[in-house]
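Q: Take a look at this one; I'll ask things after.
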Amino acid sequence: MWDVGLYRCEECIGTCLYCAACTVEAHVRTPLHWVKRWNGKSFERIGLRELSLRVQLLHAAGDVCQNQHEDQEHSFIILHTNGIHHVHVDFCVCEECGGHKRDGSKLDRPTQLLDMHLFPATAHIPQTAATFAALNDFHVKSNLGNICAMKYYQVLVHATDGAAIAALPDRQTQWQVMVHAWRCLAMLKHRGALHDVRTVDELPDGELTARCPAYLHLGINTECVGRILVHHIWTDVLR
């Protein structure tokens with residue numbers, strides 16, 4: 001007997017109805033989409049977790065880790081640009097697919113999450129993560145629209161449940177921690193500090209500050225002719 005098509009995705013193109021199995025199969029690579037289910041009177045929003053969709057780390061979409069154990073399965077909270085999601089996440093423990101380092105030790109859970117573009121809220125047994133897309137989206141909107149981390153989190157809460165009916169987990173503190181860590185790593189990346197022989201703790205104060213292009217920088221926009229500093233104004237635009 002064929003399953004009745006009761007589900008449709010809010011974010012995929014089209015309004016066709018699909019059965020639960022086809023809906024899960026179509027969202028193996030997009031597990032953070034919102035799905036609506038027909039209850040006989042109206043469409044109600046549900047997460048793909050309710051349709052038994054699982055996210056397997058370090059494997060191709062749809063594959064399952066052969067060495068999966070019960071303690072490897074976790075219910076995760078993932079913050080994305082379209083809201084807050086409950087997701088079943090399975091960590092990889094097999095050696096063939098890259099779940100181990102070259103020395104034979106297992107890849108820790110934060111590393112496996114980062115490999116899937118999920119930024120963990122902690123390095124010790126993370127249960128919450130934010131997508132790189134959400135962190136980048138907040139970074140742009142905070143710079144151009146002066147939106148703080150708290151306001152952006154409230155937007156995610158409203159996008160998840162605008163009527164404030166469902167009991168959503170409070171992850172505002174974790175979100176602020178992830179935003180702070182993301183910005184610190186971005187500054188280190190833009191400065192090139194991660195390629196420095198010095199450690200991050202050894203960098204002097206002000207090392208990550210961007211140089212002012214209009215200020216005198218010897219060897220960049222200023223040269224020393226005898227005992228006179230010649231400031232090349234035209235190089236300010238180029239630099």
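The values are calculated or read from the model by the stated rules, or taken from the named source; none is laboratory data. Not measured: the values here are computed from a predicted model. As a convention, Cβ positions derive from the backbone with ideal geometry for all residues, glycine included, and neighbour counts pool all protein chains shown. Side chains included, ligands, DNA and RNA excluded: accessible areas come from the protein's heavy atoms. Shrake-Rupley method; radii C 1.70, N 1.55, O 1.52, S 1.80 Å.
Q: Test Met150 against the stated conditions and say whether it is in contact with a strand residue (DSSP E or B) (Cβ under 8 Å, 6 or more places away or on another chain), at pLDDT 95 or above and in a helix (DSSP H, G or I).
A: no
Q: Looking at (1) touching a helix residue (DSSP H, G or I) at 6+ places or on another chain (Cβ under 7 Å); (2) at pLDDT below 90, which one does Gly98 not meet, given that it meets all the others?
A: (1)
Q: Restricting the search to the range 123-146, which residues are surrounded by 15 or more Cβ atoms within 10 Å (Cβ to Cβ), without any contact (Cβ under 8 Å) to a residue 60 or more places away in the chain and among the β-branched types (Val, Ile, Thr)?
A: Thr128
Q: Filter the range 13-25 down to the residues that are surrounded by 16 or more Cβ atoms within 10 Å (Cβ to Cβ) and under 26 Å from Ala130 (Cα atoms), then identify the one that is nearest to the chain's Cα centre (by Cα).
A: Val24
Q: With the checklist (1) outside any strand (DSSP E or B); (2) open to solvent by 40 Å² or more (accessible area, probe 1.4 Å); (3) modelled with pLDDT under 90 in hand, flag the one item Ser75 doesn't pass.
A: Ser75 satisfies all of (1) outside any strand (DSSP E or B); (2) open to solvent by 40 Å² or more (accessible area, probe 1.4 Å); (3) modelled with pLDDT under 90 except (1).
Q: His217: out of contact with any Lys or Arg (no Cβ under 6 Å at 6 or more places or on another chain) and surrounded by fewer than 13 Cβ atoms within 10 Å (Cβ to Cβ), yes or no?
A: no
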